[in-house]
1. Which percent of Cα-Cα pairs in segment 166-255 sits in each 10 Å bin, short to long?
2. Which one, Val198, Pro211, Asn232, projects farthest toward the positive side of the charge dipole computed for segment 174-257 from Cβ point charges (K/R +1, D/E -1)?
3. How large a share of the accessible area of segment 90-169, in percent, is made up of carbon and sulfur atoms when the probe is 1.4 Å and the other protein chains stay in place?
4. Any idea what the dipole of segment 172-257 comes to, in debye rounded to 20, about its Cα centre with Lys/Arg Cβ at +1 and Asp/Glu Cβ at -1?
5. Given the alpha-carbon gyration tensor of segment 104-257, what are the semi-axes of its equivalent ellipsoid in whole angstrom, ordered largest first, with each equal to the square root of 5 times an eigenvalue?
6. Cα extents of segment 141-187 along the three principal axes, largest first, in whole Å?
7. What accessible surface, in Å², does a 1.4 Å probe find on Ile100, ignoring ligands, DNA and RNA and rounding to the nearest 10?
8. Around Gly203, with a cut-off of 10 angstrom between Cβ atoms, what is the net charge of the other residues, counting Lys and Arg +1 and Asp and Glu -1?
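The values are calculated or read from the model by the stated rules, or taken from the named source; none is laboratory data. It should be emphasised that the depicted structure is a prediction, and the values quoted were computed from it without experimental measurement. With ideal geometry, Cβ positions are generated from the backbone for all residues, glycine too; neighbour counts draw on all protein chains shown. Just the protein is used for accessible areas: all its heavy atoms, side chains included, with ligands, DNA and RNA removed. Shrake-Rupley method; radii C 1.70, N 1.55, O 1.52, S 1.80 Å.
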Amino acid sequence: MSKFLFRNALILCCILPFFQANAWSGKPLNKLERSDYGYYRNHNSSSSPWFQAKYDLDRPLNFGFAVSLLSMDCRVINSGSYLTGEKNFHTNVTQFSPNIGLHAVMDWRLSPQLSVRAQLGPSFGGRKISFYDRDDGSVTEYDMESVLLELPVLLKYKAVRTGNNRPYVLAGLTPYIDFNSSKKSADGFFIERKPMDVRLDLGFGMDFYRPYYKFATEFKFSFGLSNIFVDNSANFENDPVSRRKIQSISGLYSNLF
C-alpha cells in the first residue's frame, strides 16, 4: 500500500508543473510588463482576479511561516543475527502518531518560475518501535521520541501563473539536530541515535493567492541519508535482554511525511 501511494505521489510531482490551474484570459506572469503591475494590484475584481501581484512582480524576497502536521517513521535494518538463534528479537516501527512542526519561512525568487526556500524551526514527534521475541512470540514496544531543530533548504519550481492558484514542485535537503536522541524510557531502556542527520526532501503543492496574503498547501516526503543508529549495548551489561534488543538492530534511517 505504501509503495502504491509513494508511486502515485511521484507521478503527481512530475505532472503538476504542467497543470495550469484556474486559467483565465489575462496575460501569464512571464509576459507582464511593469506597467501592468499597478493595474493588477488595484483591480482585485472577478474580471481581473490577480491577487497579490507583488509576490511575483516586484518583491524578490518574501517571509512567512509554516505549520506542519507530520508523521515520523524510521526504516529499521535488522542485524540478521536473530536468524542464528544468538539474538532472538526482530525489530520494526509499528505505530505512527500525528506530530507537529512550526517553521519561519524565507523565499527568495531567482526567476519567475524558480525560487529558493529556507525554513527554520522545531518539529516534535515520535514513533513506536517494537521488538518481537522469536522465542515466545511476545512483543515489547517503546516510544522513540524526537525534538528536532530543522533547516530545510529547498528549490521550488512553479508553473506559470495564469490565475490565483499556482502548482509547484520542490526538492532539497534538510539538516537537523535531534535533542532527544539519547532519551531513556521509564525502565531505563533507550535506543541511542546520532543527534545530527540530513534528509532528502521531495514534494509538491499549490499556492493560493488571496487579496491580503498567499496561502499554500503542500505534501512532502523526507528520507534520511545516513545511518543514525548508535550501538549502545555496552550500557546493558547487566541486562542481557535489553542488550540483545539493541544488538538486533544494525541500522536506523529517519523518514518523515
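1. For segment 166-255, the pair-distance distribution reads 15, 31, 23, 16, 10, 4, 0.
2. Of Val198, Pro211, Asn232, it is Pro211.
3. Numbers: 2190 of 3530 Å².
Carbon and sulfur: 62 percent of the exposed surface of segment 90-169.
4. On the way: 11 positive and 10 negative charges, 31 e Å.
For segment 172-257, the charge dipole is close to 140 debye.
5. On the way: eigenvalues 342, 42, 33 Å².
Whole-Å semi-axes of the equivalent ellipsoid: 41, 14, 13.
6. Over segment 141-187, Cα extents along the principal axes are 59, 20, 14 Å.
7. Ile100 has an accessible surface of roughly 90 Å² with all protein chains in place.
8. Taking every Cβ under 10 Å from that of Gly203, the sum is 0.
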